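Chemist: Questions regarding the structure given below will be posed in turn.
The values are calculated or read from the model by the stated rules, or taken from the named source; none is laboratory data. Note that this is a predicted model, so its numbers are computed, not measured. Here the Cβ positions follow ideal geometry from the backbone for every residue, glycine too, while neighbour counts run over all protein chains shown. Heads up: the accessible areas ignore ligands, DNA and RNA and are worked out on the full protein's heavy atoms, side chains in. Shrake-Rupley method; radii C 1.70, N 1.55, O 1.52, S 1.80 Å.
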Amino acid sequence: MTTDSLNVAQVMARELGGDVRAVEESRYGRWEVLTESPAVEVVVTQTGGGTVSFTLPMEPDIGAFSFSSNMWNREQISRLSTVGDSYSARCELRLRPVEFKTQTGLTVLYILPSIEMVNSGV
């Protein structure tokens, strides 16, 4: 996770059990949180294309986040965008390592994002 706010990075590190460090290539004070946590509970507030916007139910005051990927399962995203009157859903955002071989025999490791509803109403 990356952010422009050191405070947000510290909250995320505390909640996910991670470490905060400065992004060295950034001239504008960006921070990243490195964690081994495979999943985080989120409240999805908006979907569109390959982007999911969400807040964290345990720390809603730190603001909204977004996650983009061209590997989202379209059925999952479509289902999330029509849940409830408020268009929000409590979900688990998970990153799964997936390994495959290319036609040339090269082994590739890809981190595949998935999102599953925990509870259909928030």
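Chemist: Go through segment 1-16 and report how many residues are under 15 Å from the mean Cα position of the chain (by Cα), open to solvent by 50 Å² or more (accessible area, probe 1.4 Å) and without any contact (Cβ under 8 Å) to a residue 60 or more places away in the chain.
Modeler: Qualifying residue count for the region: 2.
Chemist: Considering only segment 49-66, I want to know if a residue exists there that is open to solvent by less than 70 Å² (accessible area, probe 1.4 Å), more than 16 Å from PRO113 (Cα to Cα) and modelled with pLDDT under 75.
Modeler: no
Chemist: Do we have GLN46 as within 16 Å of GLU59 (Cβ to Cβ) and of a type outside the set (A, V, I, L, M, F, W, C) here?
Modeler: no
Chemist: From the list ARG79, ARG94, ARG74, ARG90, exactly one residue is under 14 Å from the mean Cα position of the chain (by Cα), at pLDDT below 85 and among the basic types (Lys, Arg). Which is it?
Modeler: When all the criteria are applied, what remains is ARG90.
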